[in-house]
Amino acid sequence: MRRIAPLRRMLSAFAGLMMTSIGLGAAGALAQDLPVVPYRIESGGISAPLGGRQGDAGRGRKLVTDRRKGLCLLCHSGPFPEERFQGDLAPSLAGIASRLTAEKIRLRIVDSTAINPASLMPPYHRIEGLVEVGAAWRGKPILTAGEIEDVVAFLGTLRD
Amino acid sequence: MMFPERHSRNNIEPSSDFYLPAFFIAVLFAINLSPVPFMAVRAAEIPLAQRQSGFELMQAETQAMQRNDLSNPAMLWVREGEKLWDEKPGENGQSCVACHGVVTGMAGVAASYPTLDTASGRPIDLTGRIQQCRTDRQRASAWPRESRALLAMASLIGLQSRGMPIMPAPDPISKAGAARGKALFNQRVGQLNLSCAQCHDDNWGRKLGSATIPQGHPTGYPIYRLEWQGVGSLQRRLRNCLAGVRAEAFPFGADALIDLELFLMERAAGMTVETPAVRP
C-alpha cells in the first residue's frame, strides 16, 4: 500500500493539473485523497463526474443492492428480482434513467437535501452539518466519489 | 444487517439493523404498486385516533406469542424476577418483599417511569430505581445494565402495570426532560442524517427493508425481541435505532436516553402497558 501511494498521488496531481489546464479547477489536485471531493451544483444537478472518475455499472449494481453499504433497498424498490424485502419509503428506481438525467441523479445521491431540505434520503457524499455521527463514521461520507460514480453509471442503465 | 458495526461502550451491541434476517418468508416483496405520496418531512405528531402499539403491525404468529403467557418467552424472565423479589442478597438480610410486600403492590409504578428522583433532583428510570434499592437499601452489589437479573426484575415490575394506561410523570423536572427528549426526537442525527420523527411520526407502517416501521411507543418494555433472542430494555432498543442511523449510541443510563424515554412516555400517554411484549 505504502509503496504505491506516492505514485497514486503523482497521478492524481497530474490529473488535477490537467483539469486546471482545461478550466475545471474545481475538482482540484489530490481530490481523490479527500474524503469528500468538491463539486458544483448547476441547474439542479452535478454535471462533472466526481473527481473526474468513470463509473462502473457492475460495481454500481452491487453497491445499490448491498444493504450495509449502499442501503438503497432499505427505502427504495427496483428491478432486482433476486432481492427480497425492498423498502417502500421512496419511489422505485426502475426506469430512473428515463426520468432523470445523470446530472440530476448524481446530485440526488451526493446530497438529496440540496434539492429538498426535508428529504428522507441520506446525503451520501456530504460530511458537513451532520450531528452526533458515530465515531466509526465520523468524517467519512457514506459513499466515496468513486462509489458514487459507480452508482450513477448503474442507475444510467435503468431505462423503461 | 444494516448496521453491523459495533462501537458500543458497553458489551451489548447496538448493532441492530432495521432489516430482519430472511426468516419471515411470508412477505416476498414489499413492492408498492400504488403510488405512494412522497411528502416532505412533516414531523407531525400522530393524531390520537391513529396511535397504535408496535403490536398491531406484527405478524399474527408474533402477536399470538405475546398474547399467551405460556408462549411468551419473556415470562421466563418474570419467573426469575419473582425469585429475586424474595432473595436477601446483602449483608443486612433485606429482601424486596420485606420492605414492599407482595409484588402486586407495584401495580402502576412502571406506567409512570421515568420520574423525579427527589434525592438527586433528577429524573430516574425504573432500572435506576431498582438499582438504588439494591445498592442503598439491600446493601448488595449493583446489577449491571442489561444483566439478566435486572431485566428479570424490571419485567416483573413492568408486568404489574400491564393493562394500565401510561401516565407520564407530571413534575416539572420530568417534564423538562421530556421536552429535551422531544427536541432530540426531532433532530436529524448520524451519518444517515435521520431523525426519530422522520421514521416514527412520518413513515410508520411503511417498510424499511424487511422491517415495518412502528410508531415507536415504549408500551412493551422490557421486551422479548426475536432478533435478540432475549429480553432487552427500552434503552437497548433506542441504542439500536441510534446505531441504525450511524449516530453515537449514548451509553446505557445516559441522561439523553432517559430524556428520550420521558418523551416517549409523554407521547404514549394513555396507551396501554403491554409489558413484557414480544417484538420482531
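Within region A:95-117, restricting attention to residues that are assigned to a loop (DSSP other than H, G, I, E, B) and surrounded by fewer than 16 Cβ atoms within 10 Å (Cβ to Cβ), the residue that is farthest from the other protein chains (Cβ to nearest Cβ) is A:Thr101.
Candidates A:Arg59, A:Arg68: the one that is within 15 Å of B:Ser210 (Cβ to Cβ), within 17 Å of the chain's Cα centre (by Cα) and surrounded by fewer than 17 Cβ atoms within 10 Å (Cβ to Cβ) is A:Arg68. A:Met121 fulfils the conditions (1) touching a residue at least 24 places away in the same chain (Cβ under 8 Å); (2) within 11 Å of chain B (Cβ to nearest Cβ); (3) more than 15 Å from the chain's Cα centre (by Cα) except for a single criterion, (3). Selection over region A:130-160 of residues that are among the aliphatic types (A, V, I, L, M), over 14 Å from A:Arg53 (Cβ atoms) and in a loop (DSSP other than H, G, I, E, B) gives a count of 6. Every listed requirement among (1) closer than 23 Å to B:Ile258 by Cβ; (2) surrounded by 21 or more Cβ atoms within 10 Å (Cβ to Cβ) is met by B:Val78 save one, (1). In region B:81-197, counting only helices (runs of 4 or more DSSP H) that sit wholly within it, the ones holding 3 or more residues that are modelled with pLDDT of 95 or more and among the small types (Gly, Ala, Ser) span B:148-159, B:172-185.
The set of residues in region B:201-220 being away from chain A (no Cβ under 12 Å), of a type outside the set (Val, Ile, Thr) and closer than 20 Å to B:Gln59 by Cβ consists of B:Pro214, B:Gln215, B:Gly216, B:His217, B:Gly220. Cβ-Cβ contacts under 7 Å between residues 6 or more apart (or on different chains), taken from a first residue in region B:95-113 that is in contact (Cβ under 8 Å) with a residue 12 or more places away in the chain to a second residue that is among the small types (Gly, Ala, Ser), are listed as B:Ala107/B:Ser161; B:Gly108/B:Ser161; B:Val109/B:Ser161; B:Ala110/B:Gly158; B:Ala110/B:Ser161; B:Ala111/B:Ser161; B:Ser112/B:Ala169.
Just one of the numbered conditions (1) within 14 Å of chain A (Cβ to nearest Cβ); (2) under 25 Å from B:Asp117 (Cα atoms); (3) touching a residue at least 24 places away in the same chain (Cβ under 8 Å); (4) not in a loop (DSSP other than H, G, I, E, B) is not true of B:Leu238: (3). The residue pairs whose first member lies in region A:124-142 and is at the interface with another protein chain (Cβ under 7 Å from one of its Cβ atoms), whose second member is acidic (Asp, Glu), and whose beta carbons are closer than 6 Å, counting only pairs six or more residues apart or on different chains, are A:Glu132/B:Glu248; A:Gly134/B:Glu248; A:Ala136/B:Glu5.
The values are calculated or read from the model by the stated rules, or taken from the named source; none is laboratory data. Everything numeric here is computed off the predicted structure, so don't read it as measured data. Methodologically, a virtual Cβ is constructed for each residue, glycine included, from the backbone with ideal geometry; neighbour enumeration extends over all protein chains shown.
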